[in-house]
Amino acid sequence: RGDKPPKAVVSTQSTGEKEALQREGDELDANIRKAEKEIHALENTIKVMNARNSMYRSNFTKVEQSSEDLEEERTLEEQRRAVMDKYKYKRRQVRELQEDLDAMSRTYDNLSAEEATITGQVGDAESRLEMGKKQHSDQMSKLDRVSKQLVRYAREVRTNKGKTTHTKEEDDIDVRDMADFNKSISKDLVGSIQSYPEAFSTLSNLLYQANIPIPSVTGPGTGGSRASSRASSSSSIASVRSDVSSVKSVTLGVTSPTLQLGKLSPK
C-alpha cells in the first residue's frame with residue numbers, strides 16, 4: 001500500500017499541466033486564425049483569377065501558338081493551379097490544427113475531472129486521518145486513566161498484604177497482559193502475511209513452537225489488519241477493566257490462569 005501524494009503536490013502538478021495545455025491551445029488557436037485569414041485571401045485571389053479567366057474565355061479567338069495572349073493564358077492557368085494547391089494545403093492544415101485543438105481540449109477536461117477526483121480523495125483521506133487521530137487520542141486518555149487506577153489498586157493490595165514487591169495477583173495481571181499482547185501481535189502478523197503462503201507457513205510454525213494458537217482474521221491485507229487492530233484495542237481495554245475489578249476484590253486464595261506462552265512465566 002503506497003502513500004498518497006500530499007494535496008499541495010497533486011494540486012501543483014495539475015495546475016502546471018493545465019497551464020501548459022492552455023498555452024498550447026492558445027498557440028493552436030492563433031495558428032488557426034492566421035490560416036483562416038490566408039485562406040480568405042486565397043479565396044479572393046481565386047475569385048479574381050476566375051473572373052479574368054471568364055473574361056478571356058468570352059473574348060477568346062483563335063490565335064497562333066506563339067501569340068502573347070496564349071502565353072499569358074498559360075501563365076495564368078499555372079498560377080491558378082498553384083493557388084488552388086496552396087488553398088487545399090491550407091484547408092488541410094486548418095483541419096489538422098482544429099483536430100489537435102479538440103484533442104487538447106478533451107485532455108484538459110479529463111485532467112480537470114481527474115484533479116477534482118484526486119482533490120476529493122485527499123479530502124476524504126484527511127478527514128479519516130483526523131478522525132483516527134481523535135479516536136486514538138480518546139483511547140490513549142482512557143488507557144491512561146485505567147492505568148492510573150490499576151497502579152492505585154495495586155498499591156492498595158500491597159498495603160493490605162503488607163508487601164512492597166509484586167504480589168501474586170500483579171503477576172497474574174502481567175501474564176494476562178502479555179497474553180493479550182501476544183494474541184494481538186500474532187493476529188496482526190497473520191493478517192499482514194496470509195496472502196504469502198511461504199511466509200504464512202513459517203509464521204505458523206513459529207507460533208506453534210511457542211504454544212501460541214494461530215488466530216483467525218476477517219480478511220486479507222490491510223483491511224483485516226485494521227479490523228484486528230481495532231478488535232485488539234477494544235479487547236485490551238476490556239481486559240484492563242476486568243483486571244482492575246479483579247484487583248479490587250482479590251483474596252489470598254486467587255489462582256492464576258494456566259497460559260501456554262512458551263518460555264513466558266510469572267515473575
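The values are calculated or read from the model by the stated rules, or taken from the named source; none is laboratory data. Fair warning: this is a prediction, and the values are worked out from it, not measured in the lab. With ideal geometry, Cβ positions are generated from the backbone for all residues, glycine too; neighbour counts draw on all protein chains shown. Remember, those area values only see protein heavy atoms, side chains included, never the ligands or the DNA or RNA. Shrake-Rupley method; radii C 1.70, N 1.55, O 1.52, S 1.80 Å.
The table below lists the values:
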{"item": "Where ARG1 falls short, out of the listed (1) at pLDDT below 85; (2) of a type outside the set (Ser, Thr, Tyr); (3) assigned to a helix (DSSP H, G or I)", "result": "(3)"}
{"item": "Residue count, the range 10-45 (criterion: aliphatic (A, V, I, L, M), loosely packed, with under 15 Cβ neighbours inside 10 Å and either within 20 Å of GLU78 (Cα to Cα) or touching a strand residue (DSSP E or B) at 6+ places or on another chain (Cβ under 9 Å) (or both))", "result": "1"}
{"item": "Counted residues, the range 10-60 - those being among the acidic types (Asp, Glu) and under 30 Å from THR119 (Cβ atoms)", "result": "6"}
{"item": "Candidates GLU114, GLU77 - the one that is of a type outside the set (A, V, I, L, M) and open to solvent by 60 Å² or more (accessible area, probe 1.4 Å)", "result": "GLU114"}
{"item": "The lone exception for ALA125 - which of (1) open to solvent by 80 Å² or more (accessible area, probe 1.4 Å); (2) under 30 Å from GLU17 (Cβ atoms) it fails", "result": "(1)"}
{"item": "ASP124 being assigned to a helix (DSSP H, G or I), under 40 Å from the mean Cα position of the chain (by Cα), farther than 30 Å from GLN13 by Cα and modelled with pLDDT of 90 or more", "result": "no"}
{"item": "GLU115 vs. criteria in contact (Cβ under 8 Å) with a residue 24 or more places away in the chain, acidic (Asp, Glu) and touching a Ser or Thr at 6+ places or on another chain (Cβ under 8 Å)", "result": "yes"}
{"item": "Neighbours by Cβ (under 7 Å, 6+ apart or cross-chain): first from the range 135-162, under 19 Å from ASP177 (Cα atoms); second of a type in the set (D, E, K, R) and in a helix (DSSP H, G or I)", "result": "VAL146/ARG241; LEU150/ASP243; TYR153/LYS248; ALA154/GLU170; VAL157/GLU169"}
{"item": "Pairs, first in contact (Cβ under 8 Å) with a residue 60 or more places away in the chain in the range 177-206, second part of a helix (DSSP H, G or I) and open to solvent by 70 Å² or more (accessible area, probe 1.4 Å), C-beta under 6 Å, six or more apart", "result": "none"}
{"item": "Residues (open to solvent by less than 90 Å² (accessible area, probe 1.4 Å) and either of a type in the set (D, E, K, R) or in contact with a Ser or Thr (Cβ under 6 Å, 6 or more places away or on another chain) (or both)) located in the range 95-108", "result": "ASP100, ASP102"}
{"item": "Qualifying residue in the range 83-94 (condition: aliphatic (A, V, I, L, M), within 17 Å of ILE46 (Cα to Cα), open to solvent by less than 70 Å² (accessible area, probe 1.4 Å) and out of contact with any strand residue (DSSP E or B) (no Cβ under 6 Å at 6 or more places or on another chain))", "result": "yes"}
{"item": "Qualifying residue in the range 136-143 (condition: over 30 Å from ALA210 (Cα atoms), surrounded by fewer than 17 Cβ atoms within 10 Å (Cβ to Cβ) and within 24 Å of the chain's Cα centre (by Cα))", "result": "yes"}
